[in-house]
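A.B. asks: The structure follows.
The values are calculated or read from the model by the stated rules, or taken from the named source; none is laboratory data. Just so it is clear, the structure is predicted and the values come from calculations on it, not from any experiment. Positions of Cβ are generated from backbone atoms using ideal geometry, with glycine treated the same way; all protein chains shown enter the neighbour counts. SASA here: full protein model, heavy atoms, side chains in, ligands and nucleic acids out. Shrake-Rupley method; radii C 1.70, N 1.55, O 1.52, S 1.80 Å.
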Amino acid sequence: VNPYGERALSTRIDALVELGRYPQAARAADEADARRPGVPVFTRFAYVRELRGDVTGARRVLKRALAGATAPGDVAYTATTLGQLAWRQGDFTTALRRCGQALRADPGYVAAQECRARARAGRGDTTGAVRDLRDVVARYPLPGPLVTLGELYEARGDRASAREQYGLVSAWTELAQANGVDADLDTALAAADHGDRSAALRAARAEWARRHTVHTADALAWALHMNGRDREALPHARFATRTGFREASFFYHRGVIARGAERREWLGRALRLNPAFSPVGADAARDLLRETP
């Protein structure tokens, strides 16, 4: 009906990405950029590039989007996306700067505050990171920030507070499922490390049956590993890293699951990319790397 509809063009890219159909998503992004360039299309175009390992291209497109953004919401969203990209590459200084830019545009923007918390943790400011995340989960108690907050507590020895956050993840999952929300990927990632490992595996298998993305592959690989099934897990861990997407937690999971030279390679990649990718996992990666002959 309208080949230039920004919402339809953007949603098509999102759907293809979430189905793991990355070559088609890239073509859809090129088409959307040709038909209707603007902030919504630019940010999706950048993410498709990042999924394929083109961090430089993704950053360039996002900067173009930010330069063209005028509404406070667009500035906050685009600056935060740049901050998240920087954090994934271990550039915590740039991440803090971009999140600050986002929060100046929209002081209540939760995604920017969560990103700032992760960057602060990466810089060693655990107190500031905890303060930010406590504010985030007070407003939006979602699994990602709850787990990160719990791991920050765990890393500094406050196990009671950590258990409280992990318990809230389980409560959120039950509430989401009771209201018909598909929470399988969130369930798998959180439960594999901090909950019912059998439930994590069931959730990951259910998600993998629906869609073959790098994120679902990683979640299934990790759930299999946590259930003692590394031989079955390794092909999924390799699938999760096959596109070139630079995500340190994926690298870490592959390194833990693999053995020998492959283990050393991927644990090393994780720590070189982002030495603070997880308050608990980064230390575990360093310990395992020292133990691996």
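A.B. asks: Quick one: in the range 135-165, of everything that is within 20 Å of Asp184 (Cβ to Cβ) and outside any helix (DSSP H, G or I), which residue is least open to solvent (accessible area, probe 1.4 Å)?
C.D. replies: Pro141
A.B. asks: Which of the following residues is at pLDDT below 95 and small (Gly, Ala, Ser): Gly195, Gly228?
C.D. replies: Only one candidate passes the filter, namely Gly195.
A.B. asks: Ok, one more. Quickly run through the range 47-76 and pick out the residues that are farther than 19 Å from Arg246 by Cα and among the acidic types (Asp, Glu).
C.D. replies: Of everything in the range 47-76, just one residue is farther than 19 Å from Arg246 by Cα and among the acidic types (Asp, Glu), namely Asp74.
A.B. asks: Can I ask one more? Do we have Ala203 as aliphatic (A, V, I, L, M), surrounded by 21 or more Cβ atoms within 10 Å (Cβ to Cβ) and either modelled with pLDDT under 95 or not in a helix (DSSP H, G or I) (or both) here?
C.D. replies: When the stated conditions are applied, Ala203 passes them.
A.B. asks: With respect to Arg116, determine if the residue is at pLDDT 95 or above, open to solvent by 30 Å² or more (accessible area, probe 1.4 Å) and touching a Phe, Trp or Tyr at 6+ places or on another chain (Cβ under 7 Å).
C.D. replies: No; evaluated as a whole, the condition is false for this residue.
A.B. asks: What are the residues in the range 189-236 that are in contact with a Phe, Trp or Tyr (Cβ under 8 Å, 6 or more places away or on another chain) and among the polar types (S, T, N, Q), if any?
C.D. replies: Hit for the range 189-236 is Thr216, nothing else.
A.B. asks: Another question, then. Those residues that are open to solvent by less than 80 Å² (accessible area, probe 1.4 Å) and without any contact (Cβ under 8 Å) to a residue 24 or more places away in the chain, I need them from the range 1-24; list them, please.
C.D. replies: Passing the criteria: Ala8, Thr11, Ala15, Leu16, Gln24.
A.B. asks: Out of everything in the range 227-265 that is of a type in the set (Lys, Arg) and free of Cβ contacts under 8 Å to residues at least 40 places away in the same chain, what residue ends up being most open to solvent (accessible area, probe 1.4 Å)?
C.D. replies: Top of the filtered list is Arg231.
A.B. asks: Among the residues of the range 87-107, which ones are in contact (Cβ under 8 Å) with a residue 24 or more places away in the chain and within 18 Å of Arg49 (Cβ to Cβ)?
C.D. replies: Across the range 87-107, the qualifying residues are Trp87, Arg88, Gln89.
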